[in-house]
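The values are calculated or read from the model by the stated rules, or taken from the named source; none is laboratory data. This structure is a prediction, so every number in the text was calculated from the model and none was measured. Ideal geometry is used to build each Cβ from the backbone, glycine not excepted, and the neighbour counts take in all protein chains shown.
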Amino acid sequence: MLASIPTELLRSLRLTLVVAAVTGLVYPFVITGIAQAVFNKQANGSLVTQNGQVVGSALIGQQFTSDRYFHGRVSATVDPGTGKPLPYNAANSAGSNYGPSNQALIDRVRKDVQTVRQQNGLSADQPVPADLVTADFSGFDPNITEASALLQVNRVAQARSLDPAKVRTVVENHVQGRILWVFGEPHVNVLDVNMALDSGAAA
């Protein structure tokens with residue numbers, strides 16, 4: 001019995017090394033190779049380029065505040081060093097963790113609804129799409145619903161001195177459908193549509 005202990009230990013060590021090699025080297029290399037061959041763009045971050053320069057990712061939202069651009073969703077990310085709000089901070093994915101009955105959340109949403117109405121020339125009782133005044137769980141959502149984009153058409157058109165109908169057409173040309181025709185809502189990638197406008201798509 002005692003004589004077999006070194007043999008069993010050696011066998012266990014060999015098995016451990018084999019498993020470590022398969023799961024730590026072979027499997028990752030194979031999956032990485034498949035990803036690069038089949039899903040190259042996605043595997044490399046779905047980067048978006050303009051004039052040869054990387055300007056963002058199709059998967060991570062950016063903060064747009066100018067009236068010339070469509071605005072994205074609220075982002076609850078913060079600066080990890082100070083704890084102060086820092087929208088779309090890729091180093092700190094997070095939501096606010098406020099529950100629906102939290103007064104701070106209620107007050108913030110009410111304030112943002114008023115801001116959206118003022119920015120877009122809406123009446124005091126006109127409904128505002130929920131995604132424009134609520135954050136997603138990551139803080140990085142790059143998309144807004146089609147309704148949220150169309151709501152901003154007149155503001156963007158006026159700021160760019162463009163025909164609202166042409167800006168609306170740009171939005172409609174960038175609408176992506178529901179996932180698997182069932183999940184979510186028709187949506188627009190904010191960076192994508194803003195880049196289209198900058199390139200003169202509505203001129």
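The rows are residues; the columns are (1) in contact with a strand residue (DSSP E or B) (Cβ under 6 Å, 6 or more places away or on another chain); (2) charged (D, E, K, R); (3) under 19 Å from L132 (Cα atoms).
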| residue | (1), (2), (3) |
| --- | --- |
| R11 | no, yes, no |
| R14 | no, yes, no |
| I31 | no, no, no |
| I34 | no, no, no |
| Y88 | no, no, yes |
| A91 | no, no, no |
| N97 | no, no, yes |
| I106 | no, no, yes |
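Given the criteria of a type in the set (G, A, S) and either without any contact (Cβ under 8 Å) to a residue 60 or more places away in the chain or in contact with a Cys (Cβ under 6 Å, 6 or more places away or on another chain) (or both), does S57 qualify? Judged against the criteria, S57 is not a match. Being more than 19 Å from Y69 (Cα to Cα), of a type outside the set (A, V, I, L, M) and surrounded by 15 or more Cβ atoms within 10 Å (Cβ to Cβ) holds for only one residue in R168, R155, R108, and it is R108. Whenever a residue of the stretch 115-137 is under 29 Å from N97 (Cβ atoms), its partners that are part of a helix (DSSP H, G or I) and of a type in the set (G, A, S), lying with C-beta atoms within less than 8 angstrom and at least six residues away or across chains, give the pairs P129/A147; P129/S148; D131/S148; L132/S148.
If V54 meets every condition in (1) within 28 Å of L150 (Cβ to Cβ); (2) touching a strand residue (DSSP E or B) at 6+ places or on another chain (Cβ under 6 Å) apart from one, which number is that one? V54 satisfies every listed condition except (1).
Going through the stretch 91-105 one residue at a time, which ones are within 17 Å of the chain's Cα centre (by Cα) and surrounded by fewer than 12 Cβ atoms within 10 Å (Cβ to Cβ)? Lay out the reasoning, then the answer.
Step one: filter the stretch 91-105 for residues within 17 Å of the chain's Cα centre (by Cα), giving 91-96.
Once the filter is applied, which keeps residues that are within 17 Å of the chain's Cα centre (by Cα) and surrounded by fewer than 12 Cβ atoms within 10 Å (Cβ to Cβ), the stretch 91-105 yields only A91.
For the condition modelled with pLDDT of 90 or more and either assigned by TED's automatic domain parsing to the domain that holds E146 or more than 30 Å from V116 (Cβ to Cβ) (or both), what is the one hit in Q53, Q62?
Criteria check complete, one pass: Q62.
Just one residue in the set S75, S101, S93, S148 is farther than 26 Å from S46 by Cα and in the same structural domain as V193 (by TED's automatic domain parsing); that residue is S101.
For every residue, the table says whether it meets (1) under 30 Å from S199 (Cα atoms); (2) assigned to a helix (DSSP H, G or I); (3) of a type in the set (A, V, I, L, M, F, W, C); (4) touching a helix residue (DSSP H, G or I) at 6+ places or on another chain (Cβ under 8 Å).
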residue	(1), (2), (3), (4)
A37	no, yes, yes, no
T49	yes, no, no, no
V55	yes, no, yes, yes
Q63	yes, no, no, no
G83	no, no, no, no
N89	yes, no, no, no
N92	no, no, no, no
G95	no, no, no, no
